[in-house]
Structure formats: structure tokens, C-alpha cells
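Q: Structure in C-alpha cells, see below.
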Amino acid sequence: MASSEFSEQNIKLAESIASDLENAERQVRAELAKDSSNTNLARMIEHVSHFALKAIAGLYEENAFFMRLFNDVGKVIDKLPEDYSELKTNYHELIKQFQEDHKFVSWEKRLRADEAKDVEK
């Protein structure tokens, strides 16, 4: 059994997504500050984008945190004596199920690959 269930690449990807979303929120705010033609609409868009993008960024940051936490717990569990082999097996099965249930990383990889193809065109 591998002690590290979630790859560093996937964890970094989740952190990168969170950072990109926070940057997008700042860009929306900066662009709206430049346009004074419809102040009320600009305020509404800023308000919605601020909370939506910050909330989604927070979810990705939380996922990265929990992936790191699960990896650390996995390292401790892997060091347990053989008497705990059932616990080790159950833990690793739980992580596999978690990865199946939350395929956000593979979804994001596909999205980024599509974006790169669009840029190449």
C-alpha cells in the first residue's frame, strides 16, 4: 500500500485553481472599478463575483488541505504493526472511494487541457 494516496501534482493543481479563482475575483473588481457607466450594476456584479469566486476558491483550498491531511494520516496508518492490517486496508479503500466520488481533479485536468488547445488555435 502506498503511503501517499494523493499525488503532489493533484494537490498543487487544487491550490493553483484556488489561486486562479482569487486572481479572477480581483480582476473583476479592478475592471468594474474602471467603468462608472452603471454603478449599481457594477456593484451587483462585484458583490456576486466576490462571494462566488471566493467560495469556490475556498472549496479548492479545503480539498488541497484534506488531501494533504489524508496523506499524512496514511503515512501514520502504514507504520502501524500488522495487527492493524484490517484498518490499513479499510483506510486505503476509503481513500480510493473518496477519489472516485470526487473526480474534480480529473475534471480540472481536462478543462485545462481544453484551454491549452484553444490557446494553440
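Q: State the percent of C-alpha pairs, over all pairs in the chain, separated by a distance greater than 20 angstrom. Mind showing how you got there, number by number?
A: On the way: 4205 of 7260 pairs.
Tail of P(r) above 20 Å: 58 percent of Cα pairs.
Q: Oh, and also: How much length is gained if the chain between residue 120 and residue 45 is pulled fully straight, taking 0.36 nm per residue apart and subtracting their Cα-Cα distance, in nm to one decimal?
A: 23.9 nm
Q: Report Rg(Cα)/(2.2 N^0.38 Å) for region 34-99, keeping two decimals.
A: Against the empirical 2.2 N^0.38 Å value, I get 2.01 for region 34-99.
Q: Work out from phi, with θ = phi - 60° and the Karplus expression 6.51 cos²θ - 1.76 cosθ + 1.60, the ³J(HN,Hα) of each residue of region 77-87, listed in order in whole Hz, and give x for Gly and Pro.
A: Using θ = phi - 60°, the values come out as 5, 5, 8, 5, x, 4, 4, 9, 4, 5, 4 Hz.
Q: Can I ask one more? Mind telling me which of 77, 17, 45 comes out most flexible in a GNM of the chain, alpha-carbon contacts under 10 Å?
A: 45
Q: At a 1.4 Å probe, what is the % contribution of carbon and sulfur to the accessible area of the chain? Working shown, then result.
A: Details: 4820 of 8570 Å².
Carbon with sulfur: 56 percent of the solvent-accessible area.
Q: With a probe of 1.4 Å, find how much accessible area the chain has per residue, and write the answer as a whole number in Å².
A: 71 Å²
Q: Take the residue pairs 12/103; 12/34; 12/117; 54/88; 54/79; 34/103 and return only those whose Cα atoms are more than 27 Å apart.
A: Violating the 27 Å Cα-Cα cut-off are 12/34; 54/88; 54/79; 34/103.
Q: Something else: Can you tell which of 90, 38, 23 shows the greatest fluctuation in a Gaussian network model of the chain with Cα springs below 10 Å?
A: 38
Q: Taking the Cβ of residue 64 as the center, what net charge do the other residues with Cβ under 11 Å away carry, scoring Lys and Arg +1 and Asp and Glu -1?
A: Combined, the nearby Lys, Arg, Asp and Glu give -2.
Q: Roughly how far apart, in whole Å, are the Cα centres of region 43-58 and region 71-106?
A: 35 Å
Q: So, one more: For region 58-71, just list the computed ³J(HN,Hα) in residue order, Karplus coefficients 6.51, -1.76 and 1.60, θ = phi - 60°, integers in Hz, with x standing in for Gly and Pro.
A: Rounded to whole hertz, the list is x, 5, 5, 4, 5, 4, 4, 4, 5, 5, 5, 4, 4, 4.
Q: For the chain, set up a GNM with springs between Cα atoms under 10 Å and report which of 29, 43, 68 has the largest fluctuation.
A: With Cα springs under 10 Å in the chain, the top fluctuation among 29, 43, 68 is at 43.
Q: Given charges of +1 on the Cβ of Lys and Arg and -1 on the Cβ of Asp and Glu, with all other atoms neutral, how large is the dipole of the chain about its Cα centre, in debye to the nearest 20?
A: 380 debye
Q: Here's something else I'd like to know. Kindly state, to the nearest 0.05, the FRET efficiency for residue 38 paired with residue 103, given R0 = 41 Å and r defined as their beta-carbon distance.
A: Step by step, r from the Cβ atoms, then E = 0.55.
The values are calculated or read from the model by the stated rules, or taken from the named source; none is laboratory data. The structure presented is a predicted model; accordingly, all values stated were derived computationally and were not measured. Cβ sites come from the backbone with ideal geometry, for glycine too, and all protein chains shown count toward neighbours. With ligands, DNA and RNA removed, areas are computed over all heavy atoms of the protein, side chains included. Shrake-Rupley method; radii C 1.70, N 1.55, O 1.52, S 1.80 Å.
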